[in-house]
Amino acid sequence: MDNAQSLPPGQNAEPGFWLDTSEHRSWLKDQAVRQLEFFSTSCRDEPGFFILGYDGSALPNKLQELHTTTRLVHSYALGHLVGFRGAERIIDHGMAYLNSHHRDRDHTGYLWALEGDQIKDDRKLAYGHAFVLLAASSAEQAGHPDADRLLSDVRRVLDTHFWDEDAGLFCDEWNRDWTPFSSYRGMNANMHSVEAMLAAYEATDDEIYLSRAGRILDFFTGRIAPAESWRLPEHYTADWQIDRDYVGDPMFRPAGTTPGHSFELGRLQLQHWDLSGRPDTDAPVAARRLIERALDDAWLPGGGLAYTLNFKGQVANASRFWWPVTEAIGAVAALIAMDKRPEDEIWYRKLWTYANETLVDHQNGGWFPAVDDAGNIVTSIFDGKPDIYHSLQACLFPLSGRLSRMLPL
């Protein structure tokens, strides 16, 4: 396909680290701005957001899910922090919609999905509430006037219904009225809760967020990952035993392990270590092992990362989605920020070269969500371009040069 655009001249061959060059940093900034511009058309005239097609046009689907709303708020709060003009409009729109539609006035908490004014999925999910906390925390850093209220509300819901103090982990899902929905426990919701709590800690300095994030990380990176050859099983029973027989939704709760989540959790481990004052612990070693294992297991012939693996690290689903590549970029950039090693730079260049040649839409903006083994766009899995969250962070996190959250650039 005629999509590829080379990185700035000379970067592919020059020694050293791309992130030390003004050319690469300028390119990352340009890529971030192009994404922010592309998704700026997401706002409806009415409450809610459009799903955008490949060319940026609005798709007819009016379904609005909680993670999409909150990720847009978070992403444009990051955009605001790096000086993107117009970010405030998206933040305002998303914050208003969270309050007017997602917030459940009858039972508290936040509803998963709506279509117009109709509730389409009234479950209360830890995964969704983690993103509410992330949106509130990022909005707080961006100075939004409603951020404090949202932070207080979602904190109360998480404390009351999701946090299991004995386990030091979050349970997953409830019916709308907070009656039990299932006994399922999962790594994904807890991982995104770590992400959200670290952001909340940076926004508020409340130590409870840092402490709880540490307890979750201790479970997954201190206990589970070493016993599983540094792979992370996704699914657990009510008493937090690995559920190796679990077969859920093949897209959103696939069996086995998901290497993209190892990249995310490895980067979050480093962020937590950094925010904790870089204590003399094994946290950096654990983060590196998670990230390196996932790269070695999941990198596919011809490029790209497999979506899922079995428990032995063999490829189970070879679909090449955009988001594992974005998360690998962020994770490797964090390793480079911690300790510049030539082998990390090799991966950083390999990942960005593949992404640039196959996933970045240089014509319209945004990233294509899936490609085949030849790099051709796959259109049967996602409607349009799902969101900006993963790919924007792939540009901004490396630019920050920090393990914790970024400062204005």
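The values are calculated or read from the model by the stated rules, or taken from the named source; none is laboratory data. Predicted model, so just to flag it, every value in this text is computed and none were measured. With ideal geometry, Cβ positions are generated from the backbone for all residues, glycine too; neighbour counts draw on all protein chains shown.
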Taking region 199-237 and the residues there that are among the aromatic types (Phe, Trp, Tyr) and touching a residue at least 60 places away in the same chain (Cβ under 8 Å), the one that is surrounded by the fewest Cβ atoms within 10 Å (Cβ to Cβ) would be Trp230
Gly83 passes all but one of the listed conditions (1) part of a helix (DSSP H, G or I); (2) surrounded by fewer than 19 Cβ atoms within 10 Å (Cβ to Cβ); (3) of a type in the set (Gly, Ala, Ser); the exception is number (1)
The one condition Phe170 fails out of (1) of a type outside the set (Gly, Ala, Ser); (2) surrounded by fewer than 23 Cβ atoms within 10 Å (Cβ to Cβ); (3) under 29 Å from Tyr307 (Cα atoms); (4) without any contact (Cβ under 8 Å) to a residue 60 or more places away in the chain is (2)
- prompt: Any chance region 148-165 includes a residue that's within 25 Å of Pro279 (Cβ to Cβ), within 18 Å of the chain's Cα centre (by Cα) and at pLDDT 95 or above?
  reply: no
If we scan region 29-42, do we find a residue that is in contact (Cβ under 8 Å) with a residue 24 or more places away in the chain and not in a helix (DSSP H, G or I)? no
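Can you tell me which residue within region 251-261, out of those that are under 19 Å from the mean Cα position of the chain (by Cα) and not polar (S, T, N, Q), is farthest from Tyr127 (Cα to Cα)?
The selected residue is Pro259.
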Worksheet entry | Verdict on Asp159 being of a type outside the set (S, T, N, Q), part of a helix (DSSP H, G or I) and surrounded by fewer than 22 Cβ atoms within 10 Å (Cβ to Cβ) | yes
field: Filter pass, Asp164 being surrounded by fewer than 23 Cβ atoms within 10 Å (Cβ to Cβ), under 15 Å from Ala189 (Cα atoms), out of contact with any helix residue (DSSP H, G or I) (no Cβ under 8 Å at 6 or more places or on another chain) and of a type in the set (Asp, Glu)
entry: yes
When you check Ser380 against the structure, is it farther than 27 Å from Val82 by Cα, free of Cβ contacts under 8 Å to residues at least 40 places away in the same chain and either of a type outside the set (Val, Ile, Thr) or touching a strand residue (DSSP E or B) at 6+ places or on another chain (Cβ under 8 Å) (or both), yes or no?
yes
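Could you run through region 270-289 and say how many residues are polar (S, T, N, Q) and surrounded by fewer than 21 Cβ atoms within 10 Å (Cβ to Cβ)?
Here the count works out to 2.
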Picked from region 41-82 (must be of a type in the set (Asp, Glu) and within 19 Å of Leu111 (Cβ to Cβ)), the residue modelled with the highest pLDDT is Glu65
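One line per residue, one yes/no per condition, for (1) surrounded by 21 or more Cβ atoms within 10 Å (Cβ to Cβ); (2) within 16 Å of Gly330 (Cα to Cα); (3) within 18 Å of the chain's Cα centre (by Cα):
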{"position": "Met197", "(1), (2), (3)": "yes, no, yes"}
{"position": "Asp239", "(1), (2), (3)": "no, no, no"}
{"position": "Phe263", "(1), (2), (3)": "yes, yes, yes"}
{"position": "Ile291", "(1), (2), (3)": "yes, yes, yes"}
In region 187-230, anything among the β-branched types (Val, Ile, Thr) and closer than 10 Å to Ser137 by Cβ is listed as Thr204
Among Phe252, Phe181, the single one that is closer than 27 Å to Ala394 by Cα, out of contact with any Pro (no Cβ under 6 Å at 6 or more places or on another chain) and at pLDDT below 95 is Phe252
Per the filter on region 258-294, residues closer than 22 Å to Leu359 by Cβ and in contact with a Lys or Arg (Cβ under 9 Å, 6 or more places away or on another chain) are Pro259, Ser262, Gly266, Ile291, Ala294
Margin query: Looking at the structure I just gave you, is Gly304 at positive phi, in contact with a strand residue (DSSP E or B) (Cβ under 6 Å, 6 or more places away or on another chain) and not aliphatic (A, V, I, L, M)?
Written below: yes
Being in a loop (DSSP other than H, G, I, E, B) and at negative phi is the requirement here; does Arg244 meet it? yes
So Ala113, is it touching a Leu at 6+ places or on another chain (Cβ under 7 Å) and at pLDDT 95 or above
yes
The residue from Asp383, Asp339 that alone is at pLDDT below 95 and in contact with a Pro (Cβ under 8 Å, 6 or more places away or on another chain) is Asp339
